[in-house]
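Have a look at the structure below before the remarks.
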C-alpha cells in the first residue's frame, strides 16, 4: 500500500498565492471586488472545516475500510485503476452535491458554502463543519464495495477539491469551447452559485460537467443576465457563527 500524501494540504501554498494574484488582478478594475470581512469569514470557515475534518475523518475512513473488507473485486493500486477511480469518485461527488441542494438535511450542512454574496477564490475555502453528520458518505460506499481502496478514493477526492478551487472566480470568463463542453469551469460554476431563478439548482459537477449534461441539470451562463450570488434569503452578516 503506497504512502499517499494529502494533496489538499500540499496545495495550500498555491491556494494562498493564487488568492493574492486574484486580489491584485480584480482590484485593479474594481476596488470593491474583494470585501475583506467576507474573505476573512471564508478563511475562518475553511480553517474550522479543516479542524472538523481532522476530528471526524478517522471515523469516516473506518466506515470505508469496513465496507472495503467485503469488496467483490480486488483492484488494489494498479495503474489503470487510478483514472477509473478518479472518474468514479467525481460521479459520486455529483450525486452527493446534487443531494446537498435537494435534501434539506444535507443542505443544512452545505448552505454555508453558498452564503457569501461575493464570488472569488476565497469562496472555495468557505466549507461546512458538519458534513460528516449527513448521509453523504453513503453515496461513496459502493466504490469501496466494488474494490477501490479507501485511500485511493481519498486521494482522488483531494485532487478533485484542488481542481474545484480555481473555478471559484470571476477573473476567468470563458475557457475554450472544447474545454467548456467537458470540464467544469468558472463560467459553469458561477451559475451554480447564482440565485437568479433561471440558474437555481444547476451545474452540480465537480470536475466533469458532462454529468450535468447527462442528467439534465446543466444551465449555461448567459451574458445578458448578470449573476447574483449568495442564498435566496441572504444572511446579511459577516459574523462567523
The condition from (1) more than 13 Å from residue 206 (Cβ to Cβ); (2) surrounded by fewer than 19 Cβ atoms within 10 Å (Cβ to Cβ); (3) in contact (Cβ under 8 Å) with a residue 60 or more places away in the chain that residue 162 misses is numbered (1)
2 or more residues modelled with pLDDT of 95 or more and over 30 Å from residue 234 (Cβ atoms): qualifying helices (runs of 4 or more DSSP H) within segment 10-116: 36-68, 81-102
With the requirement that a residue be without any contact (Cβ under 8 Å) to a residue 60 or more places away in the chain, assigned to a loop (DSSP other than H, G, I, E, B) and surrounded by fewer than 19 Cβ atoms within 10 Å (Cβ to Cβ), what does segment 170-201 give you? 172, 173, 174, 175, 176, 195, 196, 197, 198, 200
Which of the residues spanning segment 119-159 are touching a strand residue (DSSP E or B) at 6+ places or on another chain (Cβ under 9 Å) and surrounded by fewer than 19 Cβ atoms within 10 Å (Cβ to Cβ)? 147
Tell me the residue from 157, 131 that is more than 19 Å from residue 227 (Cβ to Cβ) and under 11 Å from the mean Cα position of the chain (by Cα), please. 157
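The values are calculated or read from the model by the stated rules, or taken from the named source; none is laboratory data. None of these values were measured; they are calculated from a predicted model. With ideal geometry, Cβ positions are generated from the backbone for all residues, glycine too; neighbour counts draw on all protein chains shown.
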